[in-house]
Amino acid sequence: MFDAKLAQVESGAKRISGDKLMALADGAIRNYTSFALLFLPTLNADPASALTAQPQGLGDDKMKRWYLLGRLSLARTLSRRPDPDLNQRRALLQRSLDHYKFIVELAEKLPFKEGGEYSFTEELSVCKEMLGLLPSKISRLHILRQTNPMA
């Protein structure tokens with residue numbers, strides 16, 4: 001829902017308040033996080049380290065793809081969530097960058113079968129591209145914050 005509403009706003013087809021977009025993004029982040037937590041070895045995981053823990057139950061390529069797509073959607077939503085506070089925006093981008101790093105490391109550690117029905121090749125290239133782009137975006141927000149302390 002968040003992606004659909006954000007696309008409408010970006011195309012100029014609809015006006016939606018920033019608060020509504022943030023609420024939709026927060027809901028999506030909660031749901032993607034809950035999905036990722038299903039793959040942890042314990043349900044009582046430490047929330048601070050839960051999303052960096054090695055997932056379990058990713059045996060076949062179909063399940064790996066679902067898991068990685070869920071994590072990719074989480075990273076993407078974090079990077080696109082609007083926030084008027086530049087410090088919060090930078091924190092969201094940093095979290096997104098951390099998720100992209102995790103996805104790349106996991107996808108390279110658990111490769112898909114060549115010629116198989118499921119793959120993650122195109123998505124992995126997007127993740128690697130984001131690893132190159134997000135640090136400069138985070139840096140620009142830091143510079144903007146320094147030049148405009150009231151932002």
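The values are calculated or read from the model by the stated rules, or taken from the named source; none is laboratory data. No experiment lies behind these values; they were computed from the predicted model shown. With ideal geometry, Cβ positions are generated from the backbone for all residues, glycine too; neighbour counts draw on all protein chains shown.
Among the residues of the range 7-14, none qualifies, meaning not one is outside any helix (DSSP H, G or I) and of a type in the set (Val, Ile, Thr). Evaluate the range 37-46: report whether one residue or more is small (Gly, Ala, Ser) and crowded, with 16+ Cβ neighbours inside 10 Å. Among the residues of the range 37-46, not one is small (Gly, Ala, Ser) and crowded, with 16+ Cβ neighbours inside 10 Å, which makes the answer no. When residue 90 is tested against (1) in a loop (DSSP other than H, G, I, E, B); (2) charged (D, E, K, R); (3) touching a residue at least 24 places away in the same chain (Cβ under 8 Å), only condition (1) is not met.
Can you name the residue in the range 37-76 that is aliphatic (A, V, I, L, M) and modelled with pLDDT of 90 or more and is also farthest from the chain's Cα centre (by Cα) among such residues? If we take residues in the range 37-76 being aliphatic (A, V, I, L, M) and modelled with pLDDT of 90 or more, then 63 is farthest from the chain's Cα centre (by Cα).
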